[in-house]
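> Before anything else, here's the structure in question.
The values are calculated or read from the model by the stated rules, or taken from the named source; none is laboratory data. Note that the coordinates shown come from a computational prediction; the quantities given were computed from them, not determined experimentally. Neighbour counts run over all protein chains shown; Cβ positions are idealised from the backbone, glycine included.
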Amino acid sequence: MVNIHIKELLPHRDGMLLVDGLMKVNREEAVSRSTVREDWPLAEGEGVNPLILIELVAQTAGICIGWEELKKKGKNTGGMGWIAGVKVAVFHGKGIPLGSRITTHVRRTFDFEDCHEISGTVKVNEDIVGEVTVQIVKSVPE
């Protein structure tokens with residue numbers, strides 16, 4: 001695990017912070033770990049709707065971008081001022097059981113100034129459960 005506090009890199013708190021731990025982070029990629037809990041958004045019955053995988057990729061992408069901000073400026077900008085859009089989302093299955101351990105791996109596929117495209121693969125154990133590409137744009141120039 002990487003020794004950095006996720007809350008330094010993301011503004012999410014309480015039930016919206018889905019990432020439990022960080023396994024790898026650098027300018028090009030990040031790998032996070034999460035455990036599906038009943039207090040997650042989109043939890044229903046015995047599991048969670050796969051739409052939550054979009055948020056896992058977005059949060060892991062936010063960690064990658066936040067880490068770069070931290071390295072460049074000595075502090076993170078608080079994760080504020082970014083807009084994320086979903087370019088592609090493919091889900092393999094109808095739900096993810098409570099207690100599942102999820103690994104989310106994201107990699108930058110495009111950068112231009114404050115515009116980024118980041119593709120992610122989400123796995124439960126070794127099984128791919130989702131593939132998501134998000135586009136992230138800085139909404140407020142510095």
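> Could you grab the pairs with beta carbons closer than 8 Å, sequence gap of 6+ or different chains, first residue in segment 106-134 and closer than 25 Å to G93 by Cα and surrounded by fewer than 13 Cβ atoms within 10 Å (Cβ to Cβ), second one at pLDDT 95 or above and basic (K, R)?
N125/R101
> State which residue is farthest from K138 (Cα to Cα) when the search covers only segment 26-74 and only residues that are part of a strand (DSSP E or B) and of a type in the set (G, A, S).
G47
> I've got another one for you. Check G130, G85 and return the single one that is at pLDDT 95 or above and part of a strand (DSSP E or B).
G130
> Could you list, in sequence order, the residues of segment 97-127 that are touching a strand residue (DSSP E or B) at 6+ places or on another chain (Cβ under 8 Å), assigned to a strand (DSSP E or B), within 19 Å of M23 (Cα to Cα) and not β-branched (V, I, T)?
R101, H105, R107, R108, S119, G120, K123
> Do you know which residues across segment 11-65 are in contact with a strand residue (DSSP E or B) (Cβ under 8 Å, 6 or more places away or on another chain), surrounded by 17 or more Cβ atoms within 10 Å (Cβ to Cβ) and small (G, A, S)?
A30, S32, S34, G47, A58, A61, G62
> Let me ask something else about it. If you take the residues of segment 94-105 that are surrounded by 14 or more Cβ atoms within 10 Å (Cβ to Cβ) and in contact with a Pro (Cβ under 9 Å, 6 or more places away or on another chain), which of them is nearest to E28 (Cα to Cα)?
In this case the residue turns out to be I96.
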